[in-house]
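Peer 1: Please find one structure pasted underneath; my questions will follow.
The values are calculated or read from the model by the stated rules, or taken from the named source; none is laboratory data. All values derive from a computational prediction rather than experimental measurement. FYI the Cβ positions are ideal-geometry reconstructions off the backbone, even for glycines, and counts take in every protein chain you see.
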Amino acid sequence: MTAAALAIGAAVPSLVRWGASADADLVYRTLVTLGPHTRRGLGTQLMMPVARIDEALAELRAAGAVTVSVTGGLPAAPRMRFGEPAGARRTAVWAARPPERVVPALRRRRLRLVDLQALAESHRRVVQRLRAQLDALALPLTAPALGGLLDEQVRYLRTRELTRARYAELLPGRRETLTINPEQAFDAESARTGAEFDRRLIAQGTRMRILGVPPADQDTLNPGEPLHPAYRLREAPQVPLKLIVLDRSVALVPADPDRIERGYVEISHPGVVHALAGLFEQHWAHASDPQVGAVTPITLSAREQALVSLLALGHTDVTAAGHLRISARSVTNTLRRLMDRLGVENRFQLGLVLGAIRAACPPDLGTPPAAPPSGPSQPSHQDRKS
Amino acid sequence: MEIGLRDITLLERERELIALLAAGHTDVTAAERLGISPRSVTTIVRSLMDRLGVQNRFQLGLALGVLRMAHAPGVPSDRGGDPS
């Protein structure tokens, strides 16, 4: 019999959360679950081109997540590799390091502190490039002590307090904010006023996109509080500068990247703002969504749970609707919303996810813990183990 | 309590098909990938459903999802901690 046992392994934490690519994560899991493999073996197992396997393995090796051992002509699987001299049949076998060692290492790598000097240099490069292109940013960036309104398109806000007051003036009626935050943590004052500004922005329906760096001290496996839908967050290991763009018509950048207390420069020069918004988009496109890969707990509403339990028993939408005294259309809509929330496209996938979290169980496989064991609901073709 | 686990060893073909369906493929696109007819896909799924004692795709998904958890070695059950 050529039956292969359904390969099921222990839970392996997602490496994606620590900056690994999806391919690398998949290959790593496969190695943990199925044991050492050759690159071609992995390709077959995962139905992926060997080129992609190679990239994933290179990435995992650089991260210290896998080891490779080369054996001269494995007796178990001798395989001729083209391009190698005869007799030198060597097979590289890849093995995973244990997750409990790999994850902390990746975590340390990802959670390193932001290099403030590099950030200041990056900020200056951005400003210099803009200046070269547009000749619009004159004095304030090199001589912030001058202060005041320099011209109608570049205004210097001398202190953080002035900046906050001006920011509050600028906010009403805005539809979009683009923010780059190089800070890994905010001081209490910034956090307090920031939260207040955010409340106002949410209240007026502003869409906010925020590009940040991974926090220095947060349990990254735990996604924490769900975000208000007005926010979209992404993270990148490096960001070019501190930046806020409002409606692509006004931009705020620190006047002196080394000294945040020297306040901000407010720019309304269309060319400069456009270029800064473009810079945001460029970095945004390459940043990752910190919510992806985090283990978001799935909770079902009472109605969803009741419905799922009925469907698990083999009810159709129509009979389940009858039981719940709701319309078949409500059943469809409830399931549709649940599927959207879980990110699945069909009922089979929905079942897989709900089964994996034990939200329900088909009757013949056993019963949920609280209920007494029920008999099989229909004749089965195989013996039950019980 | 015991989850009455069936002996579910999957044939290679079944494993491939399930992986495709789990990834969101339809019967037709999964059939194309595997180089078999959509009718064969239906037959394979049907036989798997019979073996698991379920009547529809949703239940099939549930069963496979539950079994995955139940089989996972070293993972405590999330309800009451019964190692099946």
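Peer 1: Could you please find all residues in region B:19-51 being on the phi < 0 side of the Ramachandran plot and within 7 Å of chain A (Cβ to nearest Cβ)?
Peer 2: Taking region B:19-51 and keeping what is on the phi < 0 side of the Ramachandran plot, we get B:19-23, B:25-34, B:36-51.
Across region B:19-51, the qualifying residues are B:Leu21, B:Ala22, B:Asp50, B:Arg51.
Peer 1: Residues that are under 22 Å from B:Leu52 (Cα atoms), at pLDDT 80 or above and of a type in the set (A, V, I, L, M), at least 3 per element: which helices (runs of 4 or more DSSP H) completely within region A:276-386 meet that? Lay out the reasoning, then the answer.
Peer 2: Values: elements: A:302-312, A:317-324, A:328-342, A:347-356.
Fully inside region A:276-386 and qualifying: A:302-312, A:347-356.
Peer 1: Residues of region A:248-258 being in contact (Cβ under 8 Å) with a residue 40 or more places away in the chain and either surrounded by fewer than 20 Cβ atoms within 10 Å (Cβ to Cβ) or within 16 Å of A:Tyr167 (Cα to Cα) (or both), which ones?
Peer 2: A:Arg248, A:Val250, A:Leu252, A:Val253, A:Pro254, A:Ala255, A:Asp258
Peer 1: Restricting the search to region A:191-246, which residues are within 23 Å of A:Asp115 (Cβ to Cβ), modelled with pLDDT of 85 or more and part of a loop (DSSP other than H, G, I, E, B)?
Peer 2: A:Val239, A:Pro240, A:Leu241, A:Lys242
Peer 1: Can you tell which of A:Leu335, A:Leu279 is within 12 Å of chain B (Cβ to nearest Cβ) and surrounded by 19 or more Cβ atoms within 10 Å (Cβ to Cβ)? Explain how you work it out, then say what you get.
Peer 2: Numbers: A:Leu279 fails: within 12 Å of chain B (Cβ to nearest Cβ).
On inspection, the qualifying residue turns out to be A:Leu335.
Peer 1: Turning to a different aspect of this structure: Quick check on my filter: what residues within region A:1-44 are among the β-branched types (Val, Ile, Thr) and at pLDDT below 80? Quick ask: steps written out before the conclusion?
Peer 2: Just the residues of region A:1-44 that are among the β-branched types (Val, Ile, Thr), to begin with: A:2, A:8, A:12, A:16, A:27, A:30, A:32-33, A:38, A:44.
Passing the criteria: A:Thr2, A:Ile8, A:Val12, A:Val16.
Peer 1: Taking region A:37-71 as the region of interest, how many residues are closer than 10 Å to A:Trp94 by Cβ and within 14 Å of chain B (Cβ to nearest Cβ)?
Peer 2: Residues in region A:37-71 being closer than 10 Å to A:Trp94 by Cβ and within 14 Å of chain B (Cβ to nearest Cβ): 0 in total.
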